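Chemist: Structure incoming, see below.
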């Protein structure tokens, strides 16, 4: 984020896609026989499944399922009868098991070579087996010692502060699997709500999510009761802040009620129609693969969004 890490706003941000902080994998995953599927896709969520040799094991066994929901507080990997392999392009500087926030859970503090701290939580579905591992000689992988069924969660700890770590601890074990949007409007006032479907469990019954600044600006008083001091910088949309709650409600009191987006009473004349056609034709003639193959996920994402439209 620029040569001056304390600059506000930051001078620039780059997040190369080839620098992988954590990679969830398994011993059983092999080139050409590992497949990826998706299910339960909605506007704000999807389940991503990574299968080990479906021809040999079928669709329901030996896979990792990632329930992906916008704003989720943890990356959650649901392992099904696989030997876990956790990798990092940053290299593991140190891994230590520490006291877990509740019974039936293991907790690890992981320090990467960039000196950043990550927290890993492991919950076995069998309730008895413990996650054991060996670190590879090059310190790029944590290799599980046997098959594992259960969940492994990862969360970044912004600062080694007890209060912030306690916030993450209290939410470990629970995760969202879907989100639905509902709303009402009355004149220039409106309210809309995100309701999250929650799985897993923890002592406090809390679901940790991250909200963007514009969410916090509109949260109602009940939703704001779940705010925490946990903050992470997003790639392009400002500072994320952790918040507890199975739903968010946002309210707006100054909605525009008279919108005119085209001249001539909303009728599209030939000049406007021609300009749109020429711009679309020029975009379609570009090399989409070349223009989206960028070292920065920010600029690659902008290019993908332009072509998608």
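The values are calculated or read from the model by the stated rules, or taken from the named source; none is laboratory data. Note that the coordinates shown come from a computational prediction; the quantities given were computed from them, not determined experimentally. When we count neighbours, we look across all protein chains shown, and the Cβ atoms used for this are built from the backbone with ideal geometry, even at glycine.
Chemist: Which ones in the stretch 225-253 are farther than 23 Å from residue 118 by Cβ and out of contact with any strand residue (DSSP E or B) (no Cβ under 8 Å at 6 or more places or on another chain)?
Modeler: 225, the sole residue that qualifies.
Chemist: Could you please give the count of residues in the stretch 20-36 that are at pLDDT below 90 and not in a loop (DSSP other than H, G, I, E, B)?
Modeler: Count: 3.
Chemist: Hey, another quick one. Please determine whether any residue of the stretch 93-109 is under 30 Å from residue 213 (Cβ atoms) and either out of contact with any helix residue (DSSP H, G or I) (no Cβ under 7 Å at 6 or more places or on another chain) or in a loop (DSSP other than H, G, I, E, B) (or both).
Modeler: Start the filter on the stretch 93-109 by keeping residues that are under 30 Å from residue 213 (Cβ atoms), which leaves 101, 109.
Pick out the ones that are also either out of contact with any helix residue (DSSP H, G or I) (no Cβ under 7 Å at 6 or more places or on another chain) or in a loop (DSSP other than H, G, I, E, B) (or both) and you get 101, 109.
Checked the stretch 93-109: at least one residue is under 30 Å from residue 213 (Cβ atoms) and either out of contact with any helix residue (DSSP H, G or I) (no Cβ under 7 Å at 6 or more places or on another chain) or in a loop (DSSP other than H, G, I, E, B) (or both).
Chemist: Right, another one. Listed residues 172, 155; which is touching a helix residue (DSSP H, G or I) at 6+ places or on another chain (Cβ under 9 Å), crowded, with 20+ Cβ neighbours inside 10 Å and closer than 21 Å to residue 229 by Cβ? Walk me through how you get there before you give the answer.
Modeler: Working: 172 fails: touching a helix residue (DSSP H, G or I) at 6+ places or on another chain (Cβ under 9 Å).
Matching residue, one of 172, 155: 155.
Chemist: Given the conditions (1) buried (at least 19 other Cβ atoms within 10 Å of the Cβ); (2) under 23 Å from residue 67 (Cβ atoms), report the number of the one that residue 165 does not fulfil.
Modeler: (2)
Chemist: Residue check, residue 154 against (1) free of Cβ contacts under 8 Å to residues at least 40 places away in the same chain; (2) within 30 Å of residue 61 (Cβ to Cβ), all met but one. Which one?
Modeler: (1)
Chemist: If you check residue 254 against the conditions, is it out of contact with any helix residue (DSSP H, G or I) (no Cβ under 7 Å at 6 or more places or on another chain) and over 30 Å from residue 120 (Cβ atoms)?
Modeler: Values: out of contact with any helix residue (DSSP H, G or I) (no Cβ under 7 Å at 6 or more places or on another chain): yes; over 30 Å from residue 120 (Cβ atoms): yes.
So residue 254 fits the description; yes.
Chemist: Please tell me if residue 217 is outside the structural domain of residue 237 (by TED's automatic domain parsing) and more than 21 Å from residue 45 (Cα to Cα).
Modeler: On the way: outside the structural domain of residue 237 (by TED's automatic domain parsing): no; more than 21 Å from residue 45 (Cα to Cα): yes.
No.
Chemist: Among the residues of the stretch 185-202, are any touching a strand residue (DSSP E or B) at 6+ places or on another chain (Cβ under 7 Å), in a loop (DSSP other than H, G, I, E, B), buried (at least 19 other Cβ atoms within 10 Å of the Cβ) and without any contact (Cβ under 8 Å) to a residue 40 or more places away in the chain?
Modeler: no
Chemist: Next question. At pLDDT 90 or above and not in a loop (DSSP other than H, G, I, E, B): which single residue out of 123, 90 fits that description?
Modeler: Working: 90 fails: not in a loop (DSSP other than H, G, I, E, B).
Being at pLDDT 90 or above and not in a loop (DSSP other than H, G, I, E, B) holds for just one of 123, 90, which is 123.
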